[in-house]
Amino acid sequence: MRARDINKVELVKQKAIELLVEVGFEGFTMSKLAKACKISVATLYIYYQDKDDLILKVGIEEVERMSAIMLENFDPESSFEEGLKQQWKNRAKCLFENPWSAQMIEQLRTSTYQLKVLEVFGKNFKEPLGKFMHNSIERGEIDQMPFETYWSIAFAPLYNLIRFHNEGQSLGGKPFVLTDEILWKTFELVIKALKK
């Protein structure tokens, strides 16, 4: 077996992400990827067993990388408002700087790869965010609630604003650009909804 060429691996990974977003899982083939990378199909099999192995490995690597960005400077001991604000900063930065990866991960979350991808997110976020939530509840800053309720109130507004921004329009086709003013005004409303 030939040694892995790091530059080629990164090229394959980047082109795979772009191709998955552009054509979806059904349209994605190893042949199309090889052509996009200007390499032979045989070269891909040096790095990956097959299409599923490639999609899963690339997806998991991106989830790991983006999870690390989302947890930068996050302190589970911080106050609820400070901690959630840091999460919003990190997530916004991550999604703005990695739009291709964010779209690919979203596709993975609604595919047959869902369980493996969610398992990685769960592993990365469970301890720090679990501790953060426990501390916030213990200090009386927020009420105990189902995780799904918390996530829907705490993060869905952020993800929707970023989606509207990336699409360049809101519902009904109205032009939309996410500004700091809109972002942090929305954050204030989220804090009001969650804090006691």
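The values are calculated or read from the model by the stated rules, or taken from the named source; none is laboratory data. Here the structure is a predicted model, which means the values were calculated and not measured. Backbone-built Cβ (ideal geometry, glycine too); neighbour counts: all protein chains shown. Quick note on the areas: whole protein, heavy atoms, side chains included, nothing else; ligands and nucleic acids left out. Shrake-Rupley method; radii C 1.70, N 1.55, O 1.52, S 1.80 Å.
Roughly how many percent of the accessible protein surface of the stretch 1-73 is carbon and sulfur, given a 1.4 Å probe and a whole-percent answer?
Values: 2100 of 3970 Å².
Answer for the stretch 1-73 is 53 percent, counting heavy atoms of protein chains only.
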How far apart, in nanometres, would the label points at L11 and D143 be if each is projected 7 angstrom from Cα along the Cα-to-Cβ direction? 5.7 nm
So how do 48-54, 146-152, 168-174, 90-96 stack up, highest first, on mean other-Cβ count within 10 Å? 90-96, 48-54, 146-152, 168-174
From the cross-link list K13/K51; K89/K185; K8/K123, the entries with a Cα-Cα span beyond 19 Å are K8/K123
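Using unit Cβ charges (K, R positive; D, E negative) and no other charged atoms, how large, in debye to the nearest 20, is the dipole of the stretch 1-121 about its Cα centre? Please list the in-between numbers first.
Values: 17 positive and 19 negative charges, 128 e Å.
Charge dipole, the stretch 1-121, about its Cα centre: 620 debye, nearest 20.
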In the stretch 23-138, if the dipole is taken from +1 on Lys/Arg beta carbons and -1 on Asp/Glu beta carbons about the Cα centre, which of P99, S40, G24 is farthest to the positive end? S40
What value, in deg cm²/dmol to 500, does the helix sum -39500 (n - 2.57) over DSSP H runs of n ≥ 4 give at 222 nm once divided by the residues of the chain? -24000 deg cm²/dmol
Residue-normalised value, i.e. accessible area per residue, for the stretch 107-195 at 1.4 Å probe, in Å², stands at 64 Å²
Residues of the stretch 126-149 with backbone nitrogen within less than 17 Å of a virtual label 7 Å along the Cα-to-Cβ line of K85, please, listed as ranges. 136, 141-142
In whole Hz, the Karplus estimates of ³J(HN,Hα) for the stretch 70-83 (6.51, -1.76, 1.60; θ = phi - 60°; x where Gly or Pro) are 5, 9, 4, 6, 8, 10, x, 8, 5, 4, 4, 5, 4, x
Under a 10 Å cutoff between Cα atoms, tell me which one of E97, E26, E62 has the largest fluctuation in the Gaussian network model of the chain. E26
